[in-house]
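The values are calculated or read from the model by the stated rules, or taken from the named source; none is laboratory data. The structure presented is a predicted model; accordingly, all values stated were derived computationally and were not measured. Don't worry about glycine lacking a Cβ; one is built from the backbone with ideal geometry, like all the others, and counts go over all protein chains shown.
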Amino acid sequence: MSAATAVRRGPGRVSGRRRARELSGKVGWGIVAWVVAIAFFLPVLWMVVTAFKPESAAETWPPKFVFSPTLSEFRLVFSGWGPYVTHSVIATVGSTVLVLLLGIPAAYALSVHPVARWRDGLFFFISTKMLPIVAAIGPLYVIALKTHLLDSIWLLIILYTAMNLPLAIWMIRSFMLEVPSELLEAARLDGAGRIREITSVILPIVSPGLVSTALICVIFAWNELFLALNLTVTNAATMPMFLISSVPQEGLYLAHLSAAATVASVPVIIVGWIAQRSLVRGLAMGAIK
Amino acid sequence: MAEVRYAAASRVYAKDAPPAVDALDLDIADGEFMVLVGPSGSGKTTALRMLAGLEPLDGGRVEIGGRDVTFVPPKDRDIAMVFQNYALYPQKSVAENMGFALKMQGVPRDERLRRVREAARLLDLDENLLDRKPKQLSGGQRQRVAMGRAIVREPKVFLMDEPLSNLDAKLRVQTRSQIAELQRRLGITTVYVTHDQVEAMTMGNRVAVLSSGLLQQVATPRELYDNPVNQFVAGFIGSPAMNLRTVPLADGGVRLAGRVFPLPAAIRAAAKDARLSELVVGIRPEHMHLATGAGDLAEPAGPPADGSVEVTGEVLLVEELGADALLHVRLPEGGDQVVARTEGRKPPAPGRQVTFWVRPDDAFAFNPGTGARLAG
């Protein structure tokens, strides 16, 4: 009797201890998560705060937290950003549309109806990302020069398309693989050809995936600096170039740079926030099962 | 209106593997409800997909309405298929799902809508469901939409791949009869795949039993039950399954449970011709008749006048089904277990000795080597 009681009490104590351990673990991880999140967010916050400071207050050490906010730096930014933001929007939107137009058929040919040697094709696409872009900048420059595309927005569209296409193909392909084969068979029985199969059956299902793919392409193209810096001067200079141009040879510039950087970040944040819902929605495949 | 014909149709997935469907010969009459039944891996679904055009043939041919469609793409075969998971387009409304094939055929919008409504009425599908998306429907409703998508096309042949397996048991029984009734009304040739032999027996005009890619027998449900051509069919058709025992031959019959179980002379002659020393005896659970008064087992009644043979054993387990009860009985010699179906009221308790009467005519005999039926 007493032995039975002891045995019965044993697991109870263990489970109590386990619960305490689980709880402390939860709290511990919570603290870690907050520390990491703040560590990531602090520089961004600093940037935004600095953007509202007058130039003289921005450079002080220790940093001032009490100051009279001003919009003068933003005014300065908006007076000069016109051509840069136009170029950025054209290069970003143009390349992203091209990436989707090329990536959807390519992903289809590598997933739903795989072509012969599709593995090689898939590897080829990702292998283009293995070479550091610095190694290719010389030839790229010469080619751009000879084709009269140097400092042209078309050059950036082509290069950003090439830059994002491999990743996009891999992403879209993985979404397409999620489409149940019975749906495609049903479409074939219903008389849908290849085009109809893609437009009426596959694309509606993978559309949340396409949104996230487009989002990644937009972010990469918007933030790209290296190619823009080396292959454009004025006719195609993008927002990252504008940030660089905000740094003068002499004098104070921290508040101005912060304002420019804040402005440059806003579009990506907005696009990301809009796409977030689509990402969270995920692949709506609930109707199949 | 079309008949369907498989002529030596084969499908081989891997070079060294045995064919998934091996030289299937099957004629399906116009308007017939043909059920393909078999355990998983028997090739029944592959056979259906070959007819649909979703699976290429590695030999032989397939005909629909007298036309060789072996190399015809699925959309030109004039067939409609209901998939196991329904395969409804998740982003399209119910009406769009049902009308998609018509849209692909270029049927005008009004005509499309009219035919979708008509199909919905035929299936008792509420008209205000037509605007919903598939995921807003219950499982039973989705099943009916999938049926509707097939009906709307008015195809030559319906193909159904286990369309009821995702429904709960009660709905399955209900839908089973609805589909059979609907098929009779529309008179469209139907090929129906299932692993459930009850579905096969209740729905099909004829049933084709497959195993390991080979067609075992094609017959009416009654014929399959009464005259299975081999041990596989005998064991597959009927629930609970037939009791099958390998037993040694004896003078005038076989040795079963410590005594001689007489077999008809024709079977004995066939066994002798095949030089068998033992054979497989099959007795259906419902052909094991519990001796009357077995509830209290005071005194087993005398043998019935039809030459029945006495079989005794010990009850190990009783499964009560309500109307019936299944007795798991251990026969005395060798400890073999058999299942008997008895009346549900007052079944004997586990541990009791019971006596059954079995008519020798009800017993089946099979060649243990080939599984072929020894004609009685």
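Quick look at the numbers
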{"read-out": "Every pair of residues 6+ apart whose Cβ atoms lie under 7 Å, when the first sits in segment B:33-62 and is part of a helix (DSSP H, G or I) while the second is among the small types (Gly, Ala, Ser)", "value": "B:44/B:38; B:46/B:20; B:50/B:9"}
{"read-out": "Flag if residue A:234 is out of contact with any Ser or Thr (no Cβ under 9 Å at 6 or more places or on another chain), in the same structural domain as residue A:93 (by TED's automatic domain parsing) and not in a helix (DSSP H, G or I)", "value": "yes"}
{"read-out": "Any strands (runs of 3 or more DSSP E) falling wholly within segment B:189-236 and containing at least 3 residues that are closer than 16 Å to residue B:26 by Cβ and hydroxyl-bearing (Ser, Thr, Tyr)", "value": "B:189-194"}
{"read-out": "Pair list, Cβ < 6 Å and 6+ apart or interchain, from segment B:264-287 residues that are closer than 14 Å to residue B:228 by Cβ to residues that are part of a helix (DSSP H, G or I) and at pLDDT 85 or above", "value": "B:280/B:231; B:282/B:234; B:287/B:362"}
{"read-out": "Residue count for segment B:27-51, restricted to those that are charged (D, E, K, R) and within 12 Å of the chain's Cα centre (by Cα)", "value": "1"}
{"read-out": "Conditions (1) within 12 Å of chain A (Cβ to nearest Cβ); (2) surrounded by fewer than 20 Cβ atoms within 10 Å (Cβ to Cβ); (3) in a helix (DSSP H, G or I); number of the one not met by residue B:106", "value": "(3)"}
{"read-out": "Residue, nearest to the other protein chains (Cβ to nearest Cβ), within segment B:132-152, restricted to residues that are buried (at least 16 other Cβ atoms within 10 Å of the Cβ) and assigned to a loop (DSSP other than H, G, I, E, B)", "value": "B:133"}
{"read-out": "Neighbours by Cβ (under 6 Å, 6+ apart or cross-chain): first from segment A:37-66, β-branched (Val, Ile, Thr); second surrounded by 14 or more Cβ atoms within 10 Å (Cβ to Cβ)", "value": "A:48/A:262; A:50/A:58; A:50/A:255; A:50/A:258"}
{"read-out": "Candidate set from segment A:173-206 (those that are within 9 Å of another protein chain (Cβ to nearest Cβ) and of a type in the set (Val, Ile, Thr)); member that is surrounded by the fewest Cβ atoms within 10 Å (Cβ to Cβ)", "value": "A:205"}
{"read-out": "Segment B:56-76, residues that are more than 8 Å from chain A (Cβ to nearest Cβ) and not hydrophobic (A, V, I, L, M, F, W, C)", "value": "B:56, B:58, B:59, B:60, B:61, B:63, B:65, B:66, B:67, B:68, B:70, B:76"}
{"read-out": "Qualifying residue in segment B:112-119 (condition: within 30 Å of residue B:138 (Cα to Cα), of a type in the set (A, V, I, L, M, F, W, C) and touching a strand residue (DSSP E or B) at 6+ places or on another chain (Cβ under 9 Å))", "value": "no"}
{"read-out": "Residue tally, condition among the polar types (S, T, N, Q), in a helix (DSSP H, G or I) and at the interface with chain A (Cβ under 8 Å from one of its Cβ atoms), over segment B:77-101", "value": "0"}
{"read-out": "Scope segment B:336-351; condition assigned to a loop (DSSP other than H, G, I, E, B) and closer than 10 Å to residue B:313 by Cβ; matching residues", "value": "B:336"}
{"read-out": "The lone exception for residue A:235 - which of (1) out of contact with any Pro (no Cβ under 7 Å at 6 or more places or on another chain); (2) away from every other protein chain (no Cβ under 14 Å); (3) surrounded by 18 or more Cβ atoms within 10 Å (Cβ to Cβ) it fails", "value": "(3)"}
{"read-out": "Verdict on residue A:211 being in contact (Cβ under 8 Å) with a residue 12 or more places away in the chain, within 30 Å of residue B:89 (Cβ to Cβ) and assigned by TED's automatic domain parsing to the domain that holds residue A:87", "value": "yes"}
{"read-out": "Any hit, segment B:198-207, residues being over 30 Å from residue B:20 (Cα atoms) and modelled with pLDDT of 90 or more", "value": "no"}
{"read-out": "Residue B:99 in contact (Cβ under 8 Å) with a residue 12 or more places away in the chain and of a type outside the set (A, V, I, L, M, F, W, C)", "value": "yes"}
